[in-house]
Amino acid sequence: MVNYLNRRRPPKSGPSGISFAQILQGVGSLGLVGLIIFLIQKNTPSPCQDEYQRFMQNYVLYYPQGQVGYNHSSYLSAFDTLRLDISDGKELPLTSKDIIAHLLESALDKLDLDPVVDKNKLLAVLQQDSSLINRDYYTNRILQPRDFYQKIEGVCEIKVGLELLTPASSSDLLPKEIKTFLRTKVAACERITNPALNRSINVVEIFDCLSEDPAFIQELENLLAEFDKYFEIVQLGMEEANLYFEAGDFILPGIYKVIIDKILADYARHIQRNSHQKYIILCEGFADRNLVGPSGIPYGFEGRYTGPGQFLEVGSGIPIGERIRDNLQLSFARAFKGIEYAKRAFPIKEGSIEVKFQYTGHGAITTEPGDARLHRKIVFSLIEDEHD
């Protein structure tokens, strides 16, 4: 097990040459490891010896053993501190719960969490038992406490700090058990492997391939049930084994993101082999023939629209506004969500290749019979860009 809390900063020395060691020695209790975060007893200044002793005995933070060390491909981090005055005879109004609550809240305010994370729910879960990790909610998949830090600032003053890490992308927030399962199944679908240039890939069609395995849905539902509390905090659209857009919905089902990741990986390989060429990654949106109601569909995102089949880059076009009024706008809203995710998740760093991310909508499919769910879809294509 990798214990990120033992990755300590180099020892610091105070004005009197005192060495400040970080105390990260565990104190076990009922399967929990206690972390004492204050200074070791020896070499503490004598004016506050009793107060340091009291802190060492009473200020303990816990995290469950075996629940850290979950690695992601990239991290964002945030660090914050709290200054504590422990002058002789001064009654400190803080408890260990107050300290962790303050450090968590202030560090989370500075941390650029992915929008799919409900920050308030996450903070409430962690603060309810003063823990840095919650087993039921798998919070170590969202945050990793990397470092506790403390140093003497004055004769009887300590500065305590906490550094948190979080995955840099929503793709890394999908639990690796679910991601591995889906990637394995998706990779086995011939309809998605090695997508050709100018060939449209209908994301919904991949589900036909997946559903050919009768055990697929049951296995996926079992995995999702294991992480049901996790998905209360991380809203990836994976609350259930949903393979289609719901009627009137434009938010990508979580499974779509795994499929799009596979499409993007294949596109990236093709582009890297032909780096002299300029490309467009296009996402097209569609709706079923059911009309949007007179009150519209609530919408609070940055998607825009134009004429059917006309390409838009992110930020161009007519704003959809606060409500989606018709199937054309709905199809553009779906395509926008697809290209927004693709632009963020594309595996080649922006600027190193000539590629544009564009989207369009076609409104309702009225000429094809069959299941309306199959008409609520997005389609990806890789196109050579022949314009300057």
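Of everything in the stretch 311-331 that is over 28 Å from the mean Cα position of the chain (by Cα) and not small (Gly, Ala, Ser), the residue that is nearest to residue 383 (Cα to Cα) is 311. Would you check if there is a residue in the stretch 327-350 being in a loop (DSSP other than H, G, I, E, B), within 21 Å of residue 203 (Cα to Cα), touching a residue at least 24 places away in the same chain (Cβ under 8 Å) and not basic (Lys, Arg)? Taking every residue of the stretch 327-350 in turn, at least one turns out to be in a loop (DSSP other than H, G, I, E, B), within 21 Å of residue 203 (Cα to Cα), touching a residue at least 24 places away in the same chain (Cβ under 8 Å) and not basic (Lys, Arg).
Can you name the residue in the stretch 100-135 that is part of a helix (DSSP H, G or I) and either at pLDDT below 75 or among the acidic types (Asp, Glu) (or both) and is also surrounded by the fewest Cβ atoms within 10 Å (Cβ to Cβ) among such residues? For the stretch 100-135, the residue satisfying everything is 109. Among the conditions (1) part of a loop (DSSP other than H, G, I, E, B); (2) modelled with pLDDT of 75 or more; (3) touching a helix residue (DSSP H, G or I) at 6+ places or on another chain (Cβ under 6 Å), residue 210 misses just one, which is (1). Please verify whether the stretch 248-266 includes one or more residues that are crowded, with 20+ Cβ neighbours inside 10 Å, over 22 Å from residue 216 (Cβ atoms), hydrophobic (A, V, I, L, M, F, W, C) and in contact with a Lys or Arg (Cβ under 8 Å, 6 or more places away or on another chain). The answer is yes; a qualifying residue exists. Applying the condition of being without any contact (Cβ under 8 Å) to a residue 60 or more places away in the chain and assigned to a loop (DSSP other than H, G, I, E, B) to the stretch 217-242 and asking which residue is farthest from residue 182 (Cα to Cα) yields 228. Can you tell me which condition residue 247 does not meet? The list is (1) within 18 Å of residue 171 (Cβ to Cβ); (2) part of a loop (DSSP other than H, G, I, E, B); (3) modelled with pLDDT of 85 or more, and all the others hold. Here residue 247 meets the rest and fails (1). Across the stretch 333-386, the number of residues qualifying as loosely packed, with under 15 Cβ neighbours inside 10 Å and closer than 18 Å to residue 307 by Cα comes to 1.
With the condition kept exactly as written, say whether any residue in the stretch 281-289 is of a type in the set (Val, Ile, Thr), in contact with a helix residue (DSSP H, G or I) (Cβ under 7 Å, 6 or more places away or on another chain) and in a loop (DSSP other than H, G, I, E, B). So far as the stretch 281-289 goes, no, none of its residues is of a type in the set (Val, Ile, Thr), in contact with a helix residue (DSSP H, G or I) (Cβ under 7 Å, 6 or more places away or on another chain) and in a loop (DSSP other than H, G, I, E, B). Scanning the stretch 156-177 for residues that are under 8 Å from the mean Cα position of the chain (by Cα) and more than 30 Å from residue 99 (Cβ to Cβ) turns up 169, 170, 171, 174.
Put simply, of 288, 228, 266 the only residue that is on the phi < 0 side of the Ramachandran plot, at pLDDT below 95 and under 21 Å from the mean Cα position of the chain (by Cα) is 228.
Any residue at all in the stretch 298-305 that's in contact with a Leu (Cβ under 8 Å, 6 or more places away or on another chain), among the small types (Gly, Ala, Ser) and within 24 Å of residue 237 (Cβ to Cβ)? No; the residues of the stretch 298-305 include none that is in contact with a Leu (Cβ under 8 Å, 6 or more places away or on another chain), among the small types (Gly, Ala, Ser) and within 24 Å of residue 237 (Cβ to Cβ).
Residue check: is residue 312 closer than 23 Å to residue 208 by Cα and surrounded by 12 or more Cβ atoms within 10 Å (Cβ to Cβ)? No, not satisfied.
In the stretch 364-388, the residue that is modelled with the highest pLDDT out of those that are over 31 Å from the mean Cα position of the chain (by Cα) and closer than 18 Å to residue 338 by Cβ is 364.
The values are calculated or read from the model by the stated rules, or taken from the named source; none is laboratory data. Note that this is a predicted model, so its numbers are computed, not measured. Glycine gets a Cβ as well: all are built from the backbone with ideal geometry, and neighbour counts include every protein chain shown.
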